[in-house]
Amino acid sequence: MQHTFLAALTALGLYALGIGWMTQQVSYPLFSHVPEGQFVAYHRNYSRRIPIVIIVPGFTYFLASMAFVALRPDPVPLWLAAVVGLGGLASLVATVGFAIPCHQRLQREGSSPTVLRRLRNADRVRAYGATINAVLLLWAVTLAFQPVVSSG
């Protein structure tokens, strides 16, 4: 089960990596190009489209990353799993503590350079965390799925 969990978490982590950088480099920068009077409608439409492709996999990834500390295969060092878990926790805090309130404010009040900057900063935590976690999870896969060499 631990190997299956690691494989699924790694796939989800690579997905989160792609979503994180796409959001950082494409979605959020485009927010500043939406005309002032159209921003709330644009954001409402954006928010309706992201649950299945961003929110559900994102929160699953954050929580699974934290669970990896307890569910890691034996060949994976505890420190590696702990760093992955901390990455998941940092992403969860950035999302719940900063990104969600920013989105709520943007949806309520419209575009704001200050709120957009705060949102981009929270997203940087997630994008960099996803990058570090993806590298560590790929390394964990190489450790966990090494062929067993017999000495006899």
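The values are calculated or read from the model by the stated rules, or taken from the named source; none is laboratory data. Values in this document were obtained by computation on a predicted structure and should not be read as measured data. In this analysis, Cβ positions are derived from the backbone assuming ideal geometry, glycine residues included, and neighbour counts consider all displayed protein chains.
What residue, of A11, A41, A16, is hydrophobic (A, V, I, L, M, F, W, C), in contact (Cβ under 8 Å) with a residue 40 or more places away in the chain and either touching a strand residue (DSSP E or B) at 6+ places or on another chain (Cβ under 7 Å) or in a helix (DSSP H, G or I) (or both)? Full working, then the answer.
Values: A11 fails: in contact (Cβ under 8 Å) with a residue 40 or more places away in the chain; A41 fails: in contact (Cβ under 8 Å) with a residue 40 or more places away in the chain.
That would be A16, the only listed residue that is hydrophobic (A, V, I, L, M, F, W, C), in contact (Cβ under 8 Å) with a residue 40 or more places away in the chain and either touching a strand residue (DSSP E or B) at 6+ places or on another chain (Cβ under 7 Å) or in a helix (DSSP H, G or I) (or both).
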Any pair with Cβ under 7 angstrom, 6 or more apart, that starts in the stretch 117-135 at a residue that is β-branched (V, I, T) and modelled with pLDDT of 95 or more and ends at one that is crowded, with 18+ Cβ neighbours inside 10 Å and assigned to a helix (DSSP H, G or I): T131/L17; I132/G87
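Within the stretch 47-55, can one find any residue that is over 18 Å from R120 (Cα atoms) and either among the basic types (K, R) or at pLDDT 95 or above (or both)? Walk me through how you get there before you give the answer.
Of the stretch 47-55, the ones over 18 Å from R120 (Cα atoms) are 48-49, 51-53.
If we keep only those that are either among the basic types (K, R) or at pLDDT 95 or above (or both) as well, we get 48-49.
Yes, that holds for at least one residue.
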Flag for A70 being surrounded by fewer than 15 Cβ atoms within 10 Å (Cβ to Cβ), closer than 16 Å to F5 by Cα, small (G, A, S) and free of Cβ contacts under 8 Å to residues at least 60 places away in the same chain: yes
V84 being at negative phi, buried (at least 18 other Cβ atoms within 10 Å of the Cβ), in contact with a helix residue (DSSP H, G or I) (Cβ under 7 Å, 6 or more places away or on another chain) and not in a helix (DSSP H, G or I): no
Test result for V76, over 17 Å from A140 (Cβ atoms) and modelled with pLDDT of 95 or more: no
